[in-house]
Every structure is written in structure tokens, then in C-alpha cells.
Amino acid sequence: MAKIIVDGKEHECEEGQNLFQAIKAAKGRPLPHFCYHPALPVAGVCRMCQVEIEGVPRPVIACNAQVKDGMEVRTETDRIADVVQQILNFHLLHHPVDCPVCDQAGECALQDQYMNYGLYEASVDVEDKIHKDKVKPIGELVMLDAERCVLCARCTRFTSEITKTHEMGIFNRGNHAEIDVAPGRTLDNNYSLNTVDLCPVGALTSRDFRFKRRVWWLENTPSVCAGCATGCNMTIDHSEGTVYRCRPRPNVEVNSYWMCDEGRLLYHRLHDEDRLRTPVVAAEEGPRTVDWDEAYARVQSLLTADGGETRRVAVIASAHATVEELHALGRFADGIGAAKIGYRLEGSEMGEADDLLVSADRTPNAEGARRLGWSQFLGEELRAQASSDTVLLVLKNDFAAFDENGVDLLSAYAGVVVLGTHQDATMDLADVGLPVLSYAESDGLFVNEKGRAQELHASIAGPESARHAVVVLAELGRLLGKEFGWEDPAALRRDLVATEAGWGALATGIDRTGVLLDVVSDGAAIGAESGSEGGGE
Amino acid sequence: MADCPKILSARFEEPDSHTLAVYESHGGYTALRKALTELDPDRVREEVKSAGLRGRGGAGFPTGVKWGFVPQNTGKKVYLLVNSDESEPGTFKDRYILDYDPHLMIEGAILSSFAIHSNDCFIYIRGEYGWLVDRVQAAVDEAYAKGYLGKNILGSGYDLEMIVHKGAGAYICGEETGLINSLEGRKGQPRIKPPFPAVVGFLDCPTIVNNVETVAAVPWIVNHGAAEYRKVGTEKSPGTKLFSLSGPVKRPGVYEVPLGLPLEDLIFGEDYGQGMRDGIELKACIPGGSSVPILTAEETLDVNLDYESLAEKGTMLGSGGCIVIGDDANMPELLKVLLRFYHHESCGQCTPCREGTGWLDELVGRLIDGRGRPNDLELIEKLCSGMAGLTICVLSDAAVMPTRSFIQKFRADFEALLPRTQQPEAYVPTTSAAELGRR
């Protein structure tokens, strides 16, 4: 422990800690800066975070200083205010000041810092600003405007130190220095959009997002990426029912400050043409749109055998469903005595892992399903359960997309009811399709491959007719004369914590970085899931 | 100063002085033999430290002390990099050593490497000195052939590899960490400090960067001892220093002078510059290379050439690039030449330097072209205050120091360029917006 004095107030921190971080903690806000980033090596080039340290004659940059016990730091003196103003003045000298047409406006560090620390009488009167590349696509997803660049070198440090792909560099010298991709290269790695997040100004903008929505109209909802088992924390930026972009949310335990491009572009699926917006029932000419009452009536008729007795039910879970949805499905199956088949087709939804974030498992909640006692592979059991006396109920699982025999397998059942988000391959084979809310539209939990439970929060409302899967399961239970008594995912989480082993860590609440669940051995989980009755104890 | 020993320039005028034969015939490599057979590295370092030898590249930091910063027994290699990236305007003394006495530099580099326990030495020569690269390489080859370099030097068991490296021609690579980056194959940009190169330098190993002239003084110190070296120069600035004298003097050139010599003697002395060219009066002098503050004629005639005396006058000894300025010179134009240089050479990392050097260049250029604005001198001063002491390296300061001192000391020359008539305070529309709308 070390004590430092920041602007007259004593503050405790670690000896040797980065001074920028220590001051940020002490003051509750960061010093002005462009180049400093906690996950990148210090560049020390923007020169904005100057502070006075007692006993040191010149101002020093906090980002490259370390805390020493007893250090007295001043950040708000006239001298520092003057220095910061002047350095801002330099940053803006050749900047085009084109905020009205710049997509960064509203989340631009130059704008913010001018309003916080600048507000000086402009003395900029160069006769012609230096002109550099504008509107230059440097990769499939990234657009460069070199004139707006403040040469903080975050993007170049990211591509050389984090992805180690080295596409970008700073070329030329002095005030002709500019960022660009190396000759013959494009910024095409799977993490390219992180350079856009890192860019403090409008030099690098996302070709996916630019000009779609001014950022001050966006609402920000903390969530978790559904792209793979890593569970990168992200913020969903949305407005009036539309998701416009996803950005990584820092979590040093999971994704540091980054996420992959693939993951952050998944949101497009939410608004795809094939999104299931209303219940559908199979008809000769293809799926026919119906209302919920008619859909449930159709489910009822599927469940009723010719002799009037109720048919058996078998359920398929999903590694795309939330913990609450999976728990509800388990309760539902146990409650009506349904067979529990599993959540994944053998070998499906696996890809290549990279050495940064992407997991080989391209599902977000396989670990959650495993911990809830669901058996993983469904193929064999799907075959075993197939009979004209059984109705198959599928939750958020498009396994048919991975199995060419899907048609044959499913047609052996008395009926297929799918709770899903899209008109996908499995939905095409359904007798009844019920539209449910996606990961972006509901609260819930995903458990990543390391056993960390992380919260999703509903951002947009989802299609008007779509219902939460747990609500649909409760309603289906009612059709079968079974009252489950839950109305929302929160009730299921409470039930889970109260009744199932291994989820106690959730009892005290869960913060934005998630919570690590107790270790559950494979043996225990497999033991719990075997057969058609166990939903774990 | 006939009694001043020629420590650095003894052979500059000898025929074939660059050859090993001539160097040896003048007692060359005896210091190396002495060090390897009679002394140990610590002893060499102590001798240089007590001699008070200071870095001759510009900063004047005590060399022996700098060597002492190298951590021992880290398991890492230690490197000596000889900085021959001489690029400061007005400075051309290292090239004399490289051209006329390369073996002096080589022997000094071997001794310096020995003193810091280094077995790897690089000679980094600026790209524009292309022919000197060949010259030095030939001398290095001779030294290898004679067993002064390589394995087991002179049977002592000490090994040293020496590699001559040609830079690509950037002033900033003369800054020691810029040099290290350049030598590593990176862009020549100074590194943020700490860590300092003595601890984390070339290839992340302990590294000492010494100027050519600094290492060239080491053989004499080893041969004659620290006490003898201290007999020359002043108490705090012992020894001799090469000055490259340029400008309208009768005899410009490179002179070895004992530190503490009056600057007046360097310019007017019979042994040195021999006075101003006919019809030209002394107006000013930049004593230590273009980066240091300028002196007026009066100050020039009242200062000695040592670190402390020059500091008292608010300037620096720097690299010893003594630029004499006559009364025929146009001060704003001279400043513009310097600013164009710093603008061109700024590496562009730190914002104040990247933008400031260019802006200063533009402002002074605009003044000269008659397009100045009434408050330009105040604006220039304001820029300088945002540039000085706020960057990774001192290139920014190097642009500020001449700018401030030129304008402060020769303000009338600059004021003469300001527009005579007052500019309108602000734009006052003479036509109302409504009228404009009707047109």
C-alpha cells in the first residue's frame, strides 16, 4: 500500500501502480488523454495527461509514471490547465473540425476534451491545413479518415501487440505522419473493429455502423455475446427497437477490452428477413401465419392421440438458450414426464479456436446446459424416442441444419413444436412454430466455457408477437393441465438457486463482470442427466 | 594554446592518417594493450570517471557515471553503440575523426566496451556519411586482421565483435533511443523513458550509447591517466573538445580546444578562426550546434567554452557546432532555415513537436513573406511554451531554444516584419442577412 496526495486529497493505492490509473481512481474520472489505454503498451505520445509532481521541475505524463509512496500530484493547477489547452490546440491544428459530418461526433475524445479542458480562443490560423487520405476503406469493416487522426497509435499498437497481425502502421514523419495499412495489406483480421473502438476520434469508423444512427440517440444495454463459448462482454447499442451495433464491454476476466468482428456483427441476425415474428403452423403451401390461440390449439391437437389420450412429449434443449430457459424446459419436462433428449447434434456448432478470444465451441451456453444436467448429444436419443406416439418439443435449436436426415427423423414423430427465433431449417419442419425472444431481447444468464455466469439484459423489445420462451413453456404446461407458476426468467433464477446444487454463487447477486460458479465435475453432471427423468436434483 | 595536448586531433593532418600503419606508428592501440594486460574493466571505468570525461554528443553527461548504470550479471548481453549519426546543423566534428582517424574511434570503442563488459559493439553512422561507412569498415577490417577485434583480443581472453551500421539519414536517430530503434530495424523514433537504455536498451539488453568524440578520448585517458586529462580544461569541464567553426570567419574548420577557452579566442585567435571575414562584423554566435540558444555579439565576447560558463549565459556547449553569424545575416531568415530543419526532422510521435515545429516554421515563413499578423510574435511565444519540456525527447526543445532566443535577442529584426497597419479587429457585416437573402 502506498499513499499519494492528489490535488490535496490523500488517496491509497499500490506502490508502483500506474499513476494514470491511480489518479483516475482517486478523482473518479480519468485525466485528459488520447493515447493511453490500459490494455496497450504505453506510447506516451499525445502528451495530454500531464501532471505536476512535487519535486519534479517539469510536468510529467501520468501514463508513464509509477506511484511512489508519499508522492504529491497536482492535476488542476493553472500551469497544467495551460499546458493541456496548448496541447489540445496542437491536436486540433490540422484537424478538419468536420464534426457535423463526422460519425464519431458525440463520442469523440477531441470534442469531449475540448469541452472539458479547451474552450480557448482559437489561435489556429494556418493558411491551408495538411491534407491526407479521406474516406479510404482499409478493410472490409473499417473506414479511414487520416485527417481526423490524432496519431495516438492505439490502432497500430493493437494490430502489432494484441492481434500481432501488423496490418497498420504510421507512415511518414513529422506533421505528415499518417496511419494507414501497410502497402498491399488490408485490415482484415477478425478483430478489426476493435481499432474503431480504440480510435478516440473519427479517423477509424465502422463501415457497418457509420451513418446509421447518431450515437446520442442510442441506448446502451450491457449484455454478453452469443457467438461462442467465450462469452465476451458487450454493450448493445440500440434505438427504437433496432440494434445498431455491439461493442465490447471491458472484463479482464473474460475478454479484456476486445471482441471479435464475427461476434459483434451477429446482431444483424436479430433483424433478418427470416426472423419468426408470429406463430406459424405447417400447411401444404408452407408455414402459415396464425395467432397464438390458433397455434396453441394446433399444439393441443398434436398432443391428443386419436383415442383421446395425451401423447408423450420429448424435449430438445439448446446451448443457445439461457440458463433460465433451460431450467424452465427441465422443469417442464420433469413436470409432464417428458423425455429429455439433449442439446447438440454430434459434432455440430464447432469451429476453429483462435489464440485470442474465439472458442471452438460456437454456442454461448453449452456449459450452462451441462451444469443443468442436459446431456450433450442428441442424435441417438432423437432416433430412440421417435415414434408416432410422441410429440417433439424443440427449444431454440436448429439441429436440422446440421443433419441431412432431419426430415426423416422428425417425420417419425407425431408432431414437432419448435420454440425459435428464426424460420430456420428446423422451423421449416415444425408443425407449430412459436416465436420467442432472442438473447438480445430478454434477461438471462449464459455460462461461459470457464464456468462464469454472466448476465444478459433485454435491450430491444423484439417482434411484437414474440413471447419469452419461459412464458411459452408455462402456457404449454397449462395446455397439459400443469401449472408451473413462473412468469418471468427472474422467478426461474430464484428457483434455480433455491433448488439446484452448484448455483449458489448467484444467490448474492451478480455484477457486471459475472460470477464464477462452483466447479462441477463432468462425472457429476453426466450422472445427473442420464435417462429421461433427471433434471439434476 | 600551444601547451594544449592534441588528444583527438593529433593525426588529422597526417598523410594516410586513416590507416592502421600510421595510427600504430603514433602509438596507436597501446592503450588497448595496456588495458587488456594491466587493467581490468572497473579500473578503465574508474579512470574515465575520475578524468571527468563528459559526453560530447550534446548532453555533457559524465561518461564514467553513465557506464556505471549498466547492471552487472543480468545474464543479458551488454551493447555499446557508438553514435556517429552526427546531424546537428553546424556540427561536423565526428566526421573528422571517422575520416582522418577511424582507428582512434575504434580503439576508444574497444576500451569503452571492455569497461562496460560488452562483447558487442555497433558503430551507427548516418546515411549521408556514406563514404565514411566504407572508411570505417576498412579500418575495422584492419583491426580484425591485426587481432584488435574478434575473439581473444591480444591473447587477453576478451572478445569483441564490431559491426558498422549505416543509418538511413534521420536526425532523430542521433537521439540515443531513436538510434536503438533504428538499429533494431524499427522506425527511428525515441523511446519513452524510463526505462533508460543502460538498463533496457538495444534488443531489451543493457546498452550504452556514446558519441564518437567521447570514445575517442578514452585511449588518451587510459594511456596518460585521469590526472593528466584533468590538467586540461576546467575543474568541471576537464579535457579538450572539438569545435566545428562555421560562418563568415577567415578560417572555418574543426579545432580541438581546451575546455574553458574564451569563445572570442576560437573566433578570433590565430590558431583558430582568425577573425571575421573582411567587411563583416560579428553579430551573433550559436556556440553548440543549432539547438542551443543564440548569443549576441556582446555575450559571445564574454563567455568561455565550457559547460558551466555557457550555461551561465543561458546557452549550452552542446555538440560544439559553433556557428558564427555576421552583421550581413538576416536573423528571421536564419531562424526559418533552422525551423525548416526541425519541422522536417520531427519524428511526429509527440503532438506538441509534430504540430508545433511545423506551425513555427509556417509562422516565421509567413512573417518573412510579408504575410505576418500583428500578434504573430506573441503567438510564437505561446506555441513555444506548449512545446518546451513536454515531449519524449528534446527535439521539440531544440526547435524552441533557437526560436525563443532569436526573437528575444533580435526582436527588432522580427518586429520589422510585422504588418505596419492594424488589421481590422473583426469582420463587421455591412449588408444585413435580410438583404443578402433578397439578392
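The values are calculated or read from the model by the stated rules, or taken from the named source; none is laboratory data. This one's a predicted model, so the numbers in the text were calculated from it and none came from an experiment. Note that we place each Cβ from the backbone using ideal geometry, even for glycine, and neighbour counts take in every protein chain shown.
Results for (1) in contact (Cβ under 8 Å) with a residue 60 or more places away in the chain; (2) buried (at least 22 other Cβ atoms within 10 Å of the Cβ), shown as yes or no for each residue.
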| site | (1), (2) |
| --- | --- |
| B:21 | no, no |
| B:37 | yes, no |
| B:43 | no, no |
| B:62 | no, no |
| B:65 | no, no |
| B:70 | yes, yes |
| B:95 | no, no |
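Residue-wise test of (1) in contact with a Gly (Cβ under 9 Å, 6 or more places away or on another chain); (2) modelled with pLDDT under 95.
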residue	(1), (2)
B:111	no, no
B:121	no, no
B:124	yes, no
B:130	no, yes
B:133	yes, no
B:138	no, no
B:142	no, no
B:147	yes, no
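Residues that are surrounded by fewer than 22 Cβ atoms within 10 Å (Cβ to Cβ), among the charged types (D, E, K, R), more than 11 Å from chain B (Cβ to nearest Cβ) and within 26 Å of the chain's Cα centre (by Cα) do occur in the range A:138-147.
Within the set A:47, A:58, the sole residue that is outside any helix (DSSP H, G or I) and touching a strand residue (DSSP E or B) at 6+ places or on another chain (Cβ under 8 Å) turns out to be A:47.
Filtered by the rule that a residue be part of a loop (DSSP other than H, G, I, E, B) and at negative phi, the range B:90-123 gives B:91, B:92, B:93, B:101, B:116, B:118, B:119. Against the test of being surrounded by 15 or more Cβ atoms within 10 Å (Cβ to Cβ) and farther than 18 Å from residue A:468 by Cβ, the options A:331, A:298 yield a single qualifying residue, A:298.
For the range A:74-113, filtering for residues that are part of a loop (DSSP other than H, G, I, E, B) and without any contact (Cβ under 8 Å) to a residue 40 or more places away in the chain leaves 2. Considered as a group, the residues in the range B:260-314 that are of a type in the set (Ser, Thr, Tyr) and touching a helix residue (DSSP H, G or I) at 6+ places or on another chain (Cβ under 6 Å) include one that is surrounded by the fewest Cβ atoms within 10 Å (Cβ to Cβ), and that residue is B:296. When residues in the range A:348-366 are screened for being within 20 Å of residue A:256 (Cβ to Cβ) and either touching a strand residue (DSSP E or B) at 6+ places or on another chain (Cβ under 9 Å) or touching a residue at least 60 places away in the same chain (Cβ under 8 Å) (or both), 9 of them pass.
Consider residue A:70 carefully, then state whether it is in contact (Cβ under 8 Å) with a residue 40 or more places away in the chain, out of contact with any Leu (no Cβ under 7 Å at 6 or more places or on another chain), part of a loop (DSSP other than H, G, I, E, B) and surrounded by fewer than 22 Cβ atoms within 10 Å (Cβ to Cβ). Considered against the rule, which asks whether it is in contact (Cβ under 8 Å) with a residue 40 or more places away in the chain, out of contact with any Leu (no Cβ under 7 Å at 6 or more places or on another chain), part of a loop (DSSP other than H, G, I, E, B) and surrounded by fewer than 22 Cβ atoms within 10 Å (Cβ to Cβ), residue A:70 comes out as yes. Where strands (runs of 3 or more DSSP E) fall entirely within the range A:161-206, those with at least 3 residues that are of a type outside the set (Ser, Thr, Tyr) and more than 23 Å from the chain's Cα centre (by Cα) are at A:168-171, A:178-181. Taking the range B:10-63 as the range and being of a type in the set (Ser, Thr, Tyr) and over 13 Å from residue B:219 (Cα atoms) as the test, the residues that pass are B:17, B:19, B:25, B:37, B:50, B:63. Within the range A:72-122, the set of residues being over 22 Å from residue A:149 (Cα atoms) and in contact with a helix residue (DSSP H, G or I) (Cβ under 8 Å, 6 or more places away or on another chain) comprises A:73, A:74, A:75, A:81, A:82. Each residue in the range A:70-126 was checked for being at the interface with another protein chain (Cβ under 9 Å from one of its Cβ atoms) and touching a strand residue (DSSP E or B) at 6+ places or on another chain (Cβ under 9 Å), and 2 pass. The sole residue among B:252, B:258, B:262, B:287 that is away from chain A (no Cβ under 14 Å) and either within 30 Å of residue B:193 (Cα to Cα) or of a type in the set (Asp, Glu) (or both) is B:287.
Is at least one residue of the range A:33-55 farther than 30 Å from residue A:131 by Cα, more than 13 Å from chain B (Cβ to nearest Cβ) and within 34 Å of the chain's Cα centre (by Cα)? Within the range A:33-55, one or more residues are farther than 30 Å from residue A:131 by Cα, more than 13 Å from chain B (Cβ to nearest Cβ) and within 34 Å of the chain's Cα centre (by Cα).
For residue B:354, the conditions (1) touching a residue at least 12 places away in the same chain (Cβ under 8 Å); (2) crowded, with 23+ Cβ neighbours inside 10 Å are fulfilled apart from (1).
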